[in-house]
Amino acid sequence: VNRVTVPTSYQDLAPCTGQLLHRHYAQPTEAETAVWNQVSAVLEEAHGILAELQSYNGAGQEIREAIQNPGDLQLQEKAWNAVCPLVAKLKRFYEFSLRLENALRSLLEALTSPPYAPMQHLEREQALAKQFAEILHFTLSFDELKMTNPAIQNDFSYYRRTISRNRLNNQQLEAENEVNNEMANRMSLFYAEATPMLKTLSNATTKFVSENKTLPIEDTTDCLSTMACVCRVMLETPEYRCRFTNTDTMLFCMRVMVGVIILYDHVHPVGAFAKTSKIDMKGCIKVLKDQPSNSVEGLLNALRYTTRHLNDDSTSKQIRALLQ
């Protein structure tokens, strides 16, 4: 198989960028349809999940009152009744992460299969490449919201403490049927992550590579670095930037770029920050830092806390300083 080097210029990328920019126009070819339909169903659900998370206010007030007045059964019940529907929501989000993982896996299979090189895949399967970008956009949007909402972990901790206490008193609570102990343990691990959706996708990508022994690891990492490059060039090239119709498109592009960098860093043996990396990390970080800080702080945090190799000795001091 001829390896195609990762593109770096405006001209190299022309065929791919249009589809990433025009998020709603890529139509699947016949060969892509099965995977496209599967991923489409997941992406349709993603909008509702984000809306639910955005409006997640938590039961902080009720929990505080219950804790301050342990003898007041009415307040205990009020807190419990406030927390249960929220935990059902958190369970839905967690279960959705498993469906997202399967969707990502199907896309990786399609976008790395021989005999095509990554750039050819992105040109041939533009509808799937766009879906891959949409998944990353959702993932980073979800994690940004989760990172800034401490109520999620507070609610879930209170729920678990209440169940443990009642178990000691031999009381079975109805909600336990909804979230059994094993499910609660898995959810705890999920929400303990700073960026749970991204962590799910990183693990899924790593697993995909380790299970596909016959597939050269470069087929996956080149696909990721090519996408990172497409996004970076679009963000730093005036010819493209002037085509961004609004800040949403710009944010979409930045989230996708950060998402593929993090996946690359988890999958590639030496990661995204090494000198040999095919991702221009300095260029990518600079593009982010050129934006208003309130719109990119969550993305810079994802690079700080969700990557794997940032603190390796091989990472240059310059790059580390950029992310200080």
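Taken together, the values in this text are just the output of simple stated rules run on the coordinates, not laboratory data. Remember, it's a predicted structure, so these values are computed and weren't measured experimentally. Backbone-built Cβ (ideal geometry, glycine too); neighbour counts: all protein chains shown.
Give, as a single signed number, the net charge of other residues whose beta carbon lies under 13 Å from the beta carbon of Val287, with Lys and Arg counted +1 and Asp and Glu -1. It would help to have the intermediate numbers written out before the result.
On the way: positive: Arg232, Arg241, Arg255, Lys282, Lys286, Lys289; negative: Glu236, Asp280, Asp290.
Within the 13 Å Cβ shell, the charges total +3.
Report the Rg/Rh value for the stretch 65-152, based on alpha-carbon coordinates and the Kirkwood definition of Rh.
1.28
Note on the stretch 235-278 and the stretch 294-324: Cα centroid distance 14 Å, given to the nearest whole angstrom. For the chain, modelled as a GNM whose springs connect Cα atoms under 10 angstrom apart, the maximal fluctuation among His309, His268, His47 occurs at His47. Relative contact order of the stretch 35-113: 40 percent, from C-alpha pairs under 8 Å at least 6 residues apart in sequence.
What is the sum of charges, Lys and Arg at +1 and Asp and Glu at -1, for the other residues whose Cβ falls under 11 Å from the Cβ of His266? Don't skip to the end; give the middle numbers.
Details: positive: Lys199, Lys207, Arg308; negative: Asp265.
Once positives and negatives cancel, what remains is +2.
Working from Cα pairs under 8 Å separated by at least six residues, relative contact order for the stretch 169-324 is 23 percent.
With helices defined as uninterrupted DSSP H runs, which ones in the chain have an alpha carbon span along their own long axis of at least 20 Å and mean Kyte-Doolittle hydropathy of at least 0.5?
Details: long enough: 33-54 (31 Å, 0.40); 73-112 (58 Å, 0.10); 126-147 (31 Å, 0.25); 151-168 (26 Å, -1.08); 196-211 (22 Å, -0.11); 217-236 (29 Å, 0.61); 247-267 (30 Å, 1.27).
Going by DSSP H runs, the hits are 217-236, 247-267.
Would you kindly calculate the mean projected area, averaged across all directions, of the convex hull enclosing the Cα atoms of the chain, in square nanometres? Computing the convex hull of the Cα atoms and averaging its projections yields 18.6 nm².
Of interest is the spacing of the C-alpha centroids, which for the stretch 127-158 and the stretch 52-108 amounts to 15 Å.
Would you look at the GNM of the chain, springs on alpha carbons closer than 10 Å, and say which of Pro216, Pro269, Pro70 moves the most? The residue that fluctuates most here is Pro70.
Could you tell me the calculated FRET efficiency between Ser314 and Leu98, based on Cβ-Cβ distance and R0 = 30 angstrom, to the nearest 0.05? Could you put the intermediate results ahead of the total?
On the way: r = 34 Å, r/R0 = 1.14.
For Ser314 and Leu98, the calculated efficiency is 0.30.
With a simple spin-label model that places each label point 7 Å from the Cα along the Cα-to-Cβ direction, the separation between Ser293 and Asn37 comes to 5.0 nm.
Helix-derived [θ] at 222 nm for the chain: sum -39500 (n - 2.57) over DSSP H runs of at least 4, divide by residue count, nearest 500? Can you show the working numbers first?
On the way: 16 runs with 236 residues, N = 324.
That comes out to -24000 deg cm²/dmol.
Bridging of Lys207 to lysines at a Cα separation below 20 Å is possible for Lys199, once same-chain residues fewer than 8 apart are set aside. Charged neighbours of Arg186, selected by a Cβ distance under 11 Å, balance to -1 (K, R count +1; D, E count -1). Here the Kirkwood formula puts the hydrodynamic radius of the stretch 28-118 at 16.4 Å, using every distinct Cα pair.
Using C-alpha pairs under 8 Å with a sequence gap of at least 6, the mean separation divided by the residue count of the chain gives a relative contact order of 21 percent.
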